């Protein structure tokens with residue numbers, strides 16, 4: 001098969017691409033807050049998702065989200081020739097970004 005031929009992806013690869021975007025986007029605020037030395041909400045805070053966790057916990061949580069996002073990206077087999085899969089990846093990033101912005105502005 002030549003490198004110019006497009007491989008048709010199965011539906012679950014698109015789902016994997018979307019969730020890769022969600023996890024990759026979620027890794028950013030946790031990792032940045034953690035390496036900046038700031039506490040920030042994680043699922044390990046009290047109450048979960050609302051209470052702040054330590055900077056170290058946020059670095060670890062951000063790294064975990066990055067790892068999961070990367071693994072989902074690899075499972076999705078997305079590459080530069082899969083335009084729909086790339087769009088779905090970016091939609092996952094945008095969706096998570098919007099949800100995070102609403103959550104941290106206390107609108108949801």
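Every read-out reported here was derived from the displayed coordinates using simple, explicitly stated rules and does not represent laboratory data. Predicted, not measured: the structure shown is a model, and the values here were computed from it.
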In degrees, nearest 10, the alpha-carbon axis of helix 55-76 is tilted away from the dominant principal axis of the alpha carbons of the chain by 10
GNM, the chain, Cα, under 10 Å: largest mean-square fluctuation among 51, 62, 21?
51
Nearest 10 degrees, 0 to 90: what angle lies between the long axis of helix 83-104 and the longest principal axis of the chain (Cα atoms)?
10
Nearest 10 degrees, 0 to 90: what angle lies between the long axis of helix 11-35 and the longest principal axis of the chain (Cα atoms)?
30
Label segment 31-94 by shape, choosing from rounded, prolate and oblate, from the square roots a ≥ b ≥ c of the eigenvalues of the Cα gyration tensor; if a/c is under 1.5 it is rounded, and otherwise prolate applies when a/b is larger than b/c, oblate when it is not.
prolate
Label corresponding to log10 I(q)/I(0) by the Debye sum over Cα atoms at q = 0.10, 0.13, 0.16 Å⁻¹ when calculated from the structure given, among [x] -0.33, -0.56, -0.82; [y] -0.48, -0.74, -0.92; [z] -0.34, -0.53, -0.73
[z]
Would you mind pulling out the separation of the Cα centroids of segment 88-108 and segment 1-80, in Å?
13
